[in-house]
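Below is one structure, written out as structure tokens; the observations come after it.
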Amino acid sequence: MTGSREKVLQAAAEMIAEDMGTNLSVRAVAARAGVSTGSLRFHFPTQRELREAVLRRIYGRLVSDDPILDRSVPPRDRLVSCLRQVLAPAGVGAEARRTWTRAYEAFLVPEPTEQVRDAYLAYEREGLRRMEYWLTVLADEGALPRGDHTRAVHFLRTVLNGLSLERAMPADDQILKTETETLFTAVDAVLGPATT
């Protein structure tokens, strides 16, 4: 039998899948999960904690940390593999257009209310956290200096945003080849030539 925490996470993930900008209100999630609001609050005292737990789970299923941990592969290739995983769920062509349309409708069309901002920033934080982890692993191995990787993470996020949008645009058959070249260029900018 599934515990109440698991039921809440499942219900919230389903709600996010239906609407990226969903509020994840305590009552709506509890009702969908078939648990009391008190039970939900026990596991997730705030909406932010609930949203971030759900997004960690979703990202964990979509984007594995395994490539970054495989030391038999050069750091440059590992980081590109991780970044490629971030792009993969968006798809290419019509699938990418649907993904971007959903994001547009969830975050750009509505007024930037606190709810919309919080929903978007939760996605943003989880993506940045994941990339920070990858860079920390590589820094621990000596592939780049230890320290604050905020600028590098934001740079990589910007590259990924551009590439995911490019996937939604009408493109030729070379899109994945040029995407790979762009990813390697971005990773080289972050890691430097010593890791190639």
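Residues are listed down the side, and each one gets a yes or a no for (1) among the aromatic types (Phe, Trp, Tyr); (2) open to solvent by less than 40 Å² (accessible area, probe 1.4 Å); (3) more than 16 Å from residue 178 (Cα to Cα):
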site	(1), (2), (3)
76	no, no, yes
82	no, yes, yes
88	no, no, no
94	no, no, yes
97	no, no, yes
108	no, no, yes
111	no, no, yes
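Could you check segment 14-51 and list, in sequence order, the residues that are touching a residue at least 40 places away in the same chain (Cβ under 8 Å) and surrounded by fewer than 18 Cβ atoms within 10 Å (Cβ to Cβ)?
Residues satisfying the conditions are 19, 20, 23, 48.
Could you check segment 156-192 and list, in sequence order, the residues that are farther than 23 Å from residue 130 by Cα, part of a helix (DSSP H, G or I) and open to solvent by 90 Å² or more (accessible area, probe 1.4 Å)?
177
Need the failing condition index for residue 8 against (1) farther than 30 Å from residue 190 by Cβ; (2) open to solvent by 50 Å² or more (accessible area, probe 1.4 Å); (3) in a helix (DSSP H, G or I), just the number.
The number of the failed condition is (2).
If we scan segment 23-33, do we find a residue that is among the aliphatic types (A, V, I, L, M) and within 19 Å of the chain's Cα centre (by Cα)?
Checked against the condition, which is being among the aliphatic types (A, V, I, L, M) and within 19 Å of the chain's Cα centre (by Cα), segment 23-33 yields at least one hit.
Which one is nearest to residue 52 (Cα to Cα) among residues in segment 121-134 that are of a type in the set (Asp, Glu) and open to solvent by less than 40 Å² (accessible area, probe 1.4 Å)?
126
Determine, yes or no, whether residue 80 is β-branched (Val, Ile, Thr), assigned to a loop (DSSP other than H, G, I, E, B), more than 20 Å from residue 102 (Cα to Cα) and at pLDDT 80 or above.
In short, no.
In a helix (DSSP H, G or I), at pLDDT below 85 and under 20 Å from residue 161 (Cβ atoms), is that true of residue 133?
No, not satisfied.
Search segment 146-155 for residues being closer than 17 Å to residue 79 by Cβ and charged (D, E, K, R), and hand back the single one that is least open to solvent (accessible area, probe 1.4 Å).
Per the criteria, the residue is 146.
Can you tell me how many residues in segment 146-155 are in a helix (DSSP H, G or I) and either at pLDDT below 90 or on the phi > 0 side of the Ramachandran plot (or both)?
0
Which is surrounded by fewer than 18 Cβ atoms within 10 Å (Cβ to Cβ) and over 23 Å from residue 14 (Cα atoms), of 70, 118?
Result of the check over 70, 118: 70.
Out of (1) of a type in the set (D, E, K, R); (2) in contact with an Asp or Glu (Cβ under 7 Å, 6 or more places away or on another chain); (3) free of Cβ contacts under 8 Å to residues at least 40 places away in the same chain, what's the single condition that is false for residue 126?
Result: residue 126 fails condition (3) only.
The values are calculated or read from the model by the stated rules, or taken from the named source; none is laboratory data. Being a predicted model, the structure only gives us computed values, none of them experimental. Cβ atoms come from the backbone with ideal geometry, glycine included; neighbour counts cover every protein chain shown. Protein only, heavy atoms only, side chains kept; ligands, DNA and RNA dropped before computing areas. Shrake-Rupley method; radii C 1.70, N 1.55, O 1.52, S 1.80 Å.
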